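A short worksheet on the structure shown next.
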Amino acid sequence: MKILSAAGVCEVSLWDSDEPVQREELLRGVQGAHGLLCLLSDKIDAEVLDAAGPNLKVISTLSVGFDHMALDEIKKRGIRVGYTPDVLTDATAELTVALLLSAARRLPEGVEEVKNGGWSSWKPLWLCGYGLSGSTVGVIGLGRIGMAIARRLVPFGVKRLLYSGRTAKAHAAEVNGEFVPLDTLLAESDFVVVSCSLTPETQGLCDKAFFSKMKNTAVFVNSSRGTVVNQEDLHEALTSGKIAAAGLDVTTPEPLPTNHPLLALKNCVVLPHIGSATYSTRGIMGALSAQNLLGGLQGTDMPSELTF
Ligand code: NDP
Ligand code: DGY
């Protein structure tokens with residue numbers, strides 16, 4: 001808001017709450033707007049674009065993910081899009097590593113046992129989990145965040161770093177990454193980390209067949225988008241012992257209902273989509289999304305414009 005006010009080039013109509021704007025309110029509020037700054041929880045589809053009308057020149061999202069936006073409709077209308085890549089990469093990678101370690105070393109279970117009196121004494125096999133040292137890690141989507149996760153995991157003593165995706169990446173050399181078919185990654189990895197973007201191709205990628213190819217001692221981690229995972233199949237894989245544990249920062253839906261079967265499992269750690277949630281990162285994302293909006297409104301360069 002400070003950046004937008006200081007620029008003095010626009011009037012701002014603000015949904016002044018941390019809670020998502022109601023759809024009706026969004027459809028009403030966007031009418032006639034030249035720019036829209038939105039969150040990943042706002043579905044920007046033809047209905048919103050039609051409600052906005054022909055003035056709309058720019059949409060700036062406070063996220064790097066853009067799967068909540070109907071890009072084909074946006075393109076048709078010649079609207080520019082700003083997003084927030086890079087500035088949240090470190091925070092999201094850090095959180096993903098924390099989630100991986102929490103699931104692999106059973107941290108929430110341990111904390112719970114300390115609180116509920118389940119900690120009776122030191123016991124040889126109690127709360128044992130899986131360690132990274134000497135392990136094989138598979139990263140699905142070695143993009144900005146996937147690479148930052150790999151960089152952080154390698155110093156734990158990871159022996160092999162496998163990755164899969166559409167194309168081999170030159171930057172993989174820095175972590176000795178081996179580009180392999182997905183099936184090889186699933187069969188050989190002790191940790192499978194999903195950090196790809198959500199596309200029609202990756203939607204539902206992690207399903208029954210996917211989990212059945214993993215080792216039964218393997219840990220699955222997803223910090224991309226919830227719908228990359230078929231949660232019923234994940235639940236089955238976790239309860240039948242097909243895989244050892246899972247850590248999810250993203251789910252379908254968000255929030256996950258408190259009575260969801262995944263939340264009853266000790267071997268599933270679920271976080272409320274907090275990958276980029278550091279004060280500093282969110283501040284930088286906010287500033288970048290304001291600058292993107294201004295660039296679009298003024299017809300100048302945006303610091304981070306999405307090309308599509
Ligand atoms: P990038 O675009 O840098 O990386 C996305 C990667 O996904 C690319 O390497 C791409 O590979 C890969 N990919 C695309 N299709 C496939 C596929 N079919 N199989 C495997 N890999 C595929 O984006 P970022 O790393 O910046 O962000 C990735 C995603 O992380 C975001 O889209 C968002 O959904 C999520 N995210 C979640 C956060 C959280 O809070 N949990 C925070 C920030 C982001 P290729 O180049 O070969 O196409
Ligand atoms: C994104 O930016 O796409 C995340 O999911 C939230 O930071």
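The values are calculated or read from the model by the stated rules, or taken from the named source; none is laboratory data. The structure presented is a predicted model; accordingly, all values stated were derived computationally and were not measured. Cβ placement follows ideal geometry from the backbone for every residue including glycine, while neighbour counts extend to all protein chains displayed.
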Check: Quick check: anything in segment 88-98 free of Cβ contacts under 8 Å to residues at least 12 places away in the same chain, assigned by TED's automatic domain parsing to the domain that holds Val221 and out of contact with any helix residue (DSSP H, G or I) (no Cβ under 6 Å at 6 or more places or on another chain)?
Finding: yes
Notebook entry, point to check: Does at least one position in segment 14-24 carry a residue that is without any contact (Cβ under 8 Å) to a residue 60 or more places away in the chain, in contact with a Phe, Trp or Tyr (Cβ under 7 Å, 6 or more places away or on another chain) and outside the structural domain of Arg144 (by TED's automatic domain parsing)?
Noted result: yes
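One line per residue, one yes/no per condition, for (1) among the charged types (D, E, K, R); (2) touching a strand residue (DSSP E or B) at 6+ places or on another chain (Cβ under 9 Å); (3) modelled with pLDDT of 95 or more:
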residue	(1), (2), (3)
Ser17	no, no, no
Glu25	yes, no, yes
Ala46	no, no, yes
Asp72	yes, no, yes
Check: Going by the conditions given, is Val111 hydrophobic (A, V, I, L, M, F, W, C) and assigned to a helix (DSSP H, G or I)?
Finding: yes
Notebook entry, point to check: Do the conditions hold for Val269, that is, is it among the aliphatic types (A, V, I, L, M), touching a His at 6+ places or on another chain (Cβ under 9 Å), modelled with pLDDT of 95 or more and within 16 Å of ligand 1 (Cβ to nearest atom)?
Noted result: no
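Residues are listed down the side, and each one gets a yes or a no for (1) modelled with pLDDT of 95 or more; (2) farther than 28 Å from Thr252 by Cβ; (3) buried (at least 18 other Cβ atoms within 10 Å of the Cβ):
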{"residue": "Ser133", "(1), (2), (3)": "yes, yes, no"}
{"residue": "Gly138", "(1), (2), (3)": "yes, no, yes"}
{"residue": "Thr167", "(1), (2), (3)": "yes, no, no"}
{"residue": "Leu186", "(1), (2), (3)": "yes, no, yes"}
{"residue": "Phe191", "(1), (2), (3)": "yes, no, yes"}
{"residue": "Phe210", "(1), (2), (3)": "yes, no, yes"}
{"residue": "Val219", "(1), (2), (3)": "yes, no, yes"}
Checklist line | Verdict on Thr300 being at pLDDT 95 or above, surrounded by fewer than 15 Cβ atoms within 10 Å (Cβ to Cβ) and either in a helix (DSSP H, G or I) or hydroxyl-bearing (Ser, Thr, Tyr) (or both) | finding: yes
Margin query: Looking only at residues that are closer than 18 Å to Cys196 by Cβ and touching a Phe, Trp or Tyr at 6+ places or on another chain (Cβ under 8 Å) in segment 66-121, which one is nearest to ligand 1 (Cβ to nearest atom)?
Written below: Phe66
